[in-house]
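Notes follow the structure.
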Amino acid sequence: MVLQFVLAFLISMAVTAVVGYFLIPALRRVKAGQSIREDGPVWHNKKQGTPMMGGVMFICGITAACLVVGFAAMGDGDFRHIFILLFALVFAAIGFLDDYKKLRRKQNLGLKAKQKLALQVVVAFGFVALMRLTGNLTPSLYIPFINITLYIPEPLYYAFAAFVAVGTVNSVNITDGVDGLATGVTMPIAVWFAVVAGIWGYTSIGLFATALMGGLGAFLFFNFHPAKVFMGDTGSLFLGGAICAMAFAIDMPLILIPLGIVYFIETLSDIIQVSYFKLTKGKRVFKMAPIHHHFEMCGWSEYKLFAVFTSVSAVFAVISYFGVIGRGI
């Protein structure tokens, strides 16, 4: 198992690096540059034109690792890593459509919110149905830290799954607003899934998690401040889908609350800001939302944001581990 995990990590890292070497110049040639929010921090204007859709790099790396190293698992009838990959790829396709529309319009506006929401709900239902039909998911809810499992009616579980999927995917998307931030925050989460999968014998899930680690490690080389490329919605929606799918694959979606704490704080700050602005007719809680922009306005550098947010993610990954060690597998 350890050798398979190492191979998945190395293959994903190598393929991501090679694809990135050729992809970034190609994106520059076709002028696939990011359009910066007009209401964003003024110092972000210098990032105008930075190539986007860079998430294709780690998507290629992860896919290659899953197919090559995961071939033996598929031979044994274990397709969980492929189900996770497919779920993430469909979300990546939604993100690609969003990025493509932004490039055509030359502004930071892609698919309409209702279009994205409808597509994401359909994908979530499809994934849960697939996992249920293949016996890889139960309509029960494990509650971390208190170590109890509650059965819930199947229709309610589907609604819950759709809510979790849409919330997680869009939370990762919101976090991707500073160079390397979504990449750094996601890496400890990928490590958590690799460790848990390894301990509990979920080899195929561990393969995907280690491939995710390798792909993000290589991508960070290009994405760290000052970023040579952005992952775009193509990459952030893939990451959100991957994290969500792994949580369902180990039958513990509620672990995403502590494990993805940074994602959800980012989203919550956005919700608080918009709600308070509407209620008070113009007043704000934060200098700017989501919260990473608030800290930027307070003088934090992108290096500090990356270090602090990634560290918080790592700490909560450790806390999350202690929240599930009492579960009987």
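The values are calculated or read from the model by the stated rules, or taken from the named source; none is laboratory data. Just so it is clear, the model here is predicted, and its values are computed rather than measured. When we count neighbours, we look across all protein chains shown, and the Cβ atoms used for this are built from the backbone with ideal geometry, even at glycine. These accessible areas exclude ligands, DNA and RNA; they are computed on the full protein's heavy atoms, side chains included. Shrake-Rupley method; radii C 1.70, N 1.55, O 1.52, S 1.80 Å.
Computed quantities for the displayed model
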{"item": "Degrees separating the helix 80-105 axis from the principal Cα axis of the chain, which is the longest one", "result": "20"}
{"item": "Nearest-ten-degree value, helix 154-175 long axis tilted from longest Cα axis of the chain", "result": "40"}
{"item": "Per DSSP, loop trypsin sites (Lys or Arg not before Pro) in segment 252-329 with at most 16 further Cβ within 10 Å", "result": "Lys281, Lys283, Arg284, Lys287"}
{"item": "Relative packing of peptides 267-276, 14-23 - highest average C-beta neighbours within 10 Å first", "result": "14-23, 267-276"}
{"item": "Accessible area expressed per residue, the chain, with surrounding protein chains retained (probe 1.4 Å, Å²)", "result": "44"}
{"item": "Built amide H within the under 5 Å cut-off of Leu141, gap 5+", "result": "Leu150, Tyr151, Ile152"}
{"item": "For the chain, with +1 on Lys and Arg beta carbons and -1 on Asp and Glu, the positive-most of Gly215, Gly61, Ala227 along the dipole", "result": "Ala227"}
{"item": "Shape of segment 200-277, Cα gyration tensor, a/c cut at 1.5", "result": "oblate"}
{"item": "Estimated FRET transfer efficiency (Leu150, Met1; beta-carbon r; R0 51 Å; 0.05)", "result": "0.95"}
{"item": "Segment 247-329 shape via C-alpha gyration tensor axes, a/c threshold 1.5", "result": "oblate"}
{"item": "Accessible surface of the chain [probe 1.4 Å, protein heavy atoms]: carbon and sulfur percent", "result": "71"}
{"item": "Efficiency of FRET between Ala26 and Gln115 - r from beta-carbon atoms, R0 22 angstrom, step 0.05", "result": "0.20"}
{"item": "Estimated FRET transfer efficiency (Ile271, Phe163; beta-carbon r; R0 25 Å; 0.05)", "result": "0.95"}
{"item": "Prolate/oblate/rounded call for segment 174-303, Cα gyration tensor, a/c under 1.5 rounded", "result": "oblate"}
{"item": "Helix axis angle, 302-324 relative to the chain longest principal axis, alpha carbon, degrees", "result": "20"}
{"item": "Amide H contacts under 5 Å for Met288, placed H, 5+ residues apart", "result": "His294"}
{"item": "Label-reachable residues, segment 185-228, where backbone N falls under 15 Å from a point 7 Å from Leu10's Cα toward its Cβ", "result": "211, 214-215"}
{"item": "Partners for Lys283 among aspartates and glutamates (Cα-Cα distance below 20 Å; same-chain residues under 8 apart left out)", "result": "Glu38, Asp39, Glu266, Asp270, Glu296"}
